[in-house]
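Have a look at the structure below, then the notes.
The values are calculated or read from the model by the stated rules, or taken from the named source; none is laboratory data. Note that the structure is a prediction, hence the values are computed from the model and not measured. Positions of Cβ are generated from backbone atoms using ideal geometry, with glycine treated the same way; all protein chains shown enter the neighbour counts.
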Amino acid sequence: MRKLAAGNWKMNGVENSLAEIDALIAAHPAPGCDVLICPPATLLSRLSDRASGSAIATGGQDCHQNASGAHTGDISAGMIADAGGSHVILGHSERRADHGESDALVNAKSLAAWTAGLTAVICVGETLAEREAGQTIAIVGGQLAGSVPDGATSANTVIAYEPVWAIGTGKVPTLEEIGAVHDDIRARLTARFGEDANGIRILYGGSVKPSNAAEIFAVPNVDGALVGGASLKAADFGGIIAALEQA
């Protein structure tokens, strides 16, 4: 299995930000892991053109569950593919919290992504209150069951575990806590989808940075990272890529 370093730029980035992609390509022309950047929709086509011929894949941060229609402001999975993207992040905690996205909606969006030929990066994760109540495994397991459609394979699906309370806060679960959730996700995927599920990559996300990446990547069943702020700068994201290459 090739590990995956995925960068989620969120609502950050303008034309000048694309210089970071040039720097990343120059520093890592042939990375020993897969690299994905998901910029704002306004930059996807330009970033895809910039990364053409390199080892960097591109993707969207969300898509609508319908292929087209009267959905002002939304973007379809087919539009992401048309702009050069190969992946789309779905069910991120910020989408679930800010836009009220349910597991059922994430499931429908994942099916739309597959139909358009995209790989769905499906996010799951618990809040601080849920963790403190001892509900982490139950919450994540429920999200996994509801958000991942039947037919998930190692070719069309990536799972990202992002504890909500750790995103952008600098707080990180212990390595044992990360391992327990990733092991449970792997067991659930294997039970549902069979042997191929061993090839579905499970990413960790939540304040991953160059200084803690190596120890996180040493945890079994951590197959890479979904990185927020640290993916905006080539030097920071490059440090995470370097750590993943050694994992």
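Among the residues of region 8-27, is any under 19 Å from the mean Cα position of the chain (by Cα) and closer than 20 Å to residue 200 by Cβ?
Scanning region 8-27, I find at least one residue that is under 19 Å from the mean Cα position of the chain (by Cα) and closer than 20 Å to residue 200 by Cβ, so the answer is yes.
Listed residues 108, 113; which is touching a Pro at 6+ places or on another chain (Cβ under 9 Å) and part of a helix (DSSP H, G or I)? Break it down into steps so the answer makes sense when it comes.
On the way: 113 fails: touching a Pro at 6+ places or on another chain (Cβ under 9 Å).
Matching residue, one of 108, 113: 108.
In region 183-194, which residue that is within 18 Å of the chain's Cα centre (by Cα) and over 16 Å from residue 138 (Cβ atoms) is surrounded by the most Cβ atoms within 10 Å (Cβ to Cβ)?
Here the answer is 189.
Here are 120, 57, 152: which of them is touching a Phe, Trp or Tyr at 6+ places or on another chain (Cβ under 9 Å) and in a strand (DSSP E or B)?
Details: 57 fails: touching a Phe, Trp or Tyr at 6+ places or on another chain (Cβ under 9 Å); 152 fails: in a strand (DSSP E or B).
Going through 120, 57, 152 in turn, just one is touching a Phe, Trp or Tyr at 6+ places or on another chain (Cβ under 9 Å) and in a strand (DSSP E or B): 120.
If a residue counts only when it is out of contact with any Gly (no Cβ under 8 Å at 6 or more places or on another chain) and farther than 26 Å from residue 24 by Cβ, which helices (runs of 4 or more DSSP H) contained entirely in region 162-247 have at least 3 such residues?
175-193
Return the pairs, sorted by first residue and then second, in which the second residue is of a type in the set (Phe, Trp, Tyr), the first residue lies in region 7-27 and is under 14 Å from residue 55 (Cβ atoms), the beta carbons are less than 8 Å apart, and the residues are 6+ apart or on different chains.
7/237; 24/237
Between residues in region 52-74 that are more than 30 Å from residue 31 (Cβ to Cβ) and residues that are part of a loop (DSSP other than H, G, I, E, B), which pairs lie under 6 Å by C-beta distance while being six or more apart or on different chains?
Listed pairs, sorted by first residue: 64/71; 64/74.
In region 60-79, which residues are assigned to a loop (DSSP other than H, G, I, E, B) and either modelled with pLDDT under 95 or within 19 Å of the chain's Cα centre (by Cα) (or both)? Can you show your working first?
First, the residues of region 60-79 that are assigned to a loop (DSSP other than H, G, I, E, B): 61-63, 65-75.
Listed by number, the residues that qualify are 61, 62, 63, 65, 75.
Could you figure out which of (1) part of a helix (DSSP H, G or I); (2) out of contact with any Leu (no Cβ under 9 Å at 6 or more places or on another chain); (3) in contact (Cβ under 8 Å) with a residue 12 or more places away in the chain isn't true of residue 43?
Answer for residue 43: the failing condition is (2).
Inside region 123-134, can you point out the residues that are assigned to a loop (DSSP other than H, G, I, E, B) and either within 10 Å of residue 90 (Cβ to Cβ) or acidic (Asp, Glu) (or both)?
The answer is 126, and nothing else.
Yes/no per residue for (1) in contact (Cβ under 8 Å) with a residue 40 or more places away in the chain; (2) under 20 Å from residue 8 (Cβ atoms); (3) hydrophobic (A, V, I, L, M, F, W, C):
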| residue | (1), (2), (3) |
| --- | --- |
| 152 | yes, no, yes |
| 156 | yes, yes, no |
| 161 | yes, yes, no |
| 194 | no, no, no |
| 201 | yes, yes, no |
| 205 | yes, yes, no |
| 214 | no, no, yes |
